[in-house]
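Structure first, commentary second.
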Amino acid sequence: MQVLIANHGAYLSGIATTLWLCLYSGVLTLVVGTVIAGFRVSPLTPLRAFGTAWVTVFRNCPLVVVLFFMAFALPVLGLNASYFVFGTVGLALYTSAFVCEAIRSGINSVPAGQAEAARSIGLGFTQTLGLVILPQAVRSIIPPLGSVLIAMIKNSAIAGAFGVGGDLYMTGTRLSSAQGEAVVPVLIGVALGYLVITIPAGLLLGYVERKVAIAR
Amino acid sequence: MRTGKTTVAALAAVTGLLLTACGGGGGSTEDSKEFTAPVAENPSFEEGTTMAHLAEQGTITVGTKYDQPLFALKGLDGEMRGFDVAIAEIIAGRLGIPADRINWQETPSKDREKYIRDDTVDMVVATYTINDKRDERVDFAGPYYRAGQDLMVRADNESITGPESLRDSDAEVCSAHGSTPSERIREYVDNSRVVLFDSYSKCADALSNGQVQAVTTDDAILMGLVSESDNEFKVVGETFSEEPYGVGIPEGDVDFCEFVNKSLRIAAEEGTYQEAWNATAGRVSDRTPELPELRSCS
């Protein structure tokens with residue numbers, strides 16, 4: 001336990017880096033995931049095809065491959081950014097496939113009559129989706145979406161291996177390997193660090209779930 | 001399925017790009033094995049010592065790295081090459097064990113003390129810097145080489161001339177996570193500008209792509225990277241640390257330590273030490289190192 005107390009500064013900065021990485025990624029992935037889910041249920045074939053391809057690629061590629069591609073292939077193709085940006089975007093794109101599917105399952109759970117009613121009063125596709133379907137879908141997608149986002153927080157450890165300096169997991173590696181601290185207490189500290197992020201995230205999701213629930 | 005073609009095309013595009021990305025860093029400078037350590041015939045050792053045990057057994061397990069160009073690299077043909085490998089072969093040779101009777105055990109930096117302490121290996125020769133913290137848990141013979149931390153930049157970079165020049169710049173510096181150099185460089189640049197990967201070849205890619213402006217680690221490793229880069233990189237300035245590489249052996253085995261030191265001394269006198277260097281790391285370096293002053297075993 002002494003390791004945790006002596007190195008609390010390193011742990012805190014590790015938690016902060018992981019938290020920022022996940023906040024940016026989380027927002028980006030929700031936006032991208034929603035848009036792609038919209039594509040997948042759209043009446044336009046090219047959009048549907050694009051959505052399906054997107055999900056197929058990102059859901060089936062290991063995250064390591066996506067991040068490797070971001071960090072090492074994009075610069076070769078002339079696209080340069082910091083590793084933090086690459087890590088954030090890579091994590092967001094990968095997660096967006098899962099977010100998309102969670103949202104799509106929510107959309108499909110809304111009875112078809114709702115969409116038909118919206119169409120019959122003259123709403124377009126975007127209006128139907130945004131004003132009628134999604135608000136109802138949200139209720140059933142919060143639990144799976146929460147799991148996806150918490151998985152993303154834990155996946156963010158992989159971004160640490162691709163140049164994103166000083167995230168929580170890498171902080172652990174640094175303490176144990178370079179500074180010669182005993183491995184097990186250091187990793188217990190890392191696990192506690194992730195819990196500090198994921199447990200409040202879970203509580204927040206539970207709160208949101210209760211807020212959007214309809215009283216039955 | 002209407003979307004099938006798009007999917008396949010997208011996958012193909014991604015795969016193709018990945019292959020391009022991976023194709024870079026390959027290629028080894030060491031194509032053939034040119035160093036053979038002399039093997040003693042029927043050496044005799046005092047009963048009960050580690051040497052007597054190993055000589056009788058006729059084989060030795062050596063922990064080393066498998067991915068360190070010029071020092072210890074396992075080729076695709078399974079052949080071990082490099083200066084660390086040669087040093088291990090010299091020591092084994094003094095025990096009467098030829099190179100093909102050595103069991104190599106891959107030993108990443110973080111497992112070195114552990115493998116020695118639980119007898120997984122008989123000794124470790126793996127760019128293993130002697131320092132006090134490690135000395136508490138294992139013993140060191142040697143050092144057989146004196147490396148130092150240095151900086152590698154792109155050949156056309158004139159602004160970075162040494163660690164001090166990093167202080168006022170906004171350059172990002174790459175190193176391997178968990179390494180001593182990655183800690184020491186933080187004296188010169190702040191944490192947010194240290195980029196860490198699991199291997200130095202990724203750092204070289206990052207340097208080549210312009211994501212980082214410098215790579216830092218022991219000069220010996222940097223020389224290996226420069227040699228594989230087609231003059232794209234260069235090493236700048238003077239070394240700014242001392243990294244004496246030792247042979248890691250079990251705690252308290254003074255006889256074995258003295259035997260290793262004696263083997264190194266004889267190799268230096270006979271010229272096999274220099275031969276070993278010239279056949280490995282010496283290929284990309286103009287200088288031939290002298291055997292550093294050995295530590296006393298106690």
Report Rg(Cα)/(2.2 N^0.38 Å) for the stretch A:140-200, keeping two decimals. 1.29
Ignoring everything except DSSP H segments at least 4 long, calculate the 222 nm mean residue ellipticity for chain A; use -39,500 (n - 2.57) per segment, divide by total residues, nearest 500. -24500 deg cm²/dmol
Using bins 5 angstrom wide from zero, how does P(r) for the stretch B:57-128 break down, in % of all Cα pairs? 3, 19, 31, 25, 18, 4, 0
What FRET efficiency, computed as 1/(1 + (r/R0)^6) with R0 = 22 Å and r the Cβ-Cβ distance, is obtained for B:Lys262 and B:His53, rounded to the nearest 0.05? 0.80
Ignoring solvent entirely, what values of log10 I(q)/I(0) come out of the Debye formula for the stretch A:2-214 at 0.08, 0.17, 0.18 Å⁻¹ when each Cα is a single scatterer? -0.35, -1.14, -1.22
Mind putting together the pair-distance distribution for chain B? All Cα pairs, 5 Å bins, whole percent per bin, short to long. 1, 5, 11, 15, 16, 15, 12, 9, 6, 4, 3, 2, 1, 1, 0, 0
Using a 7 Å offset from the Cα along the Cα-to-Cβ direction at both B:Asn103 and B:Arg186, what is the distance between the two label points in nm, to one decimal? 3.8 nm
Write down Rg/Rh for the stretch B:149-236, rounded to two decimals, with Rg from the C-alpha atoms and Rh from the Kirkwood relation over Cα pairs. 0.91
Considering every Cα-Cα pair within the stretch B:221-266, what fraction, in whole percent, is farther apart than 15 Å? 64 percent
Using r as the Cβ-Cβ distance of B:Glu242 and A:Val27, and R0 as 56 Å, what FRET efficiency do you calculate, to the nearest 0.05? 0.70
If you scale each eigenvalue of the Cα gyration tensor by 5 and take the root, what three semi-axes come out for the protein assembly as shown, rounded to whole angstrom and sorted largest first? 54, 24, 21
Rounded if a/c is under 1.5, else prolate if a/b is larger than b/c, else oblate: which is the stretch A:1-104, with a ≥ b ≥ c the root eigenvalues of its Cα gyration tensor? prolate
Provide the packing ranking of B:96-108, B:135-147, B:80-92, i.e. peptides ordered by the mean count of other C-beta atoms within 10 Å per residue, highest first. B:80-92, B:135-147, B:96-108
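No value in this document is a laboratory result; all are computed from the given coordinates. Computed from a predicted model, the values in this text were never measured in an experiment. Here the Cβ is made from the backbone with ideal geometry for all residues, glycine too, and neighbour counts use every protein chain on show.
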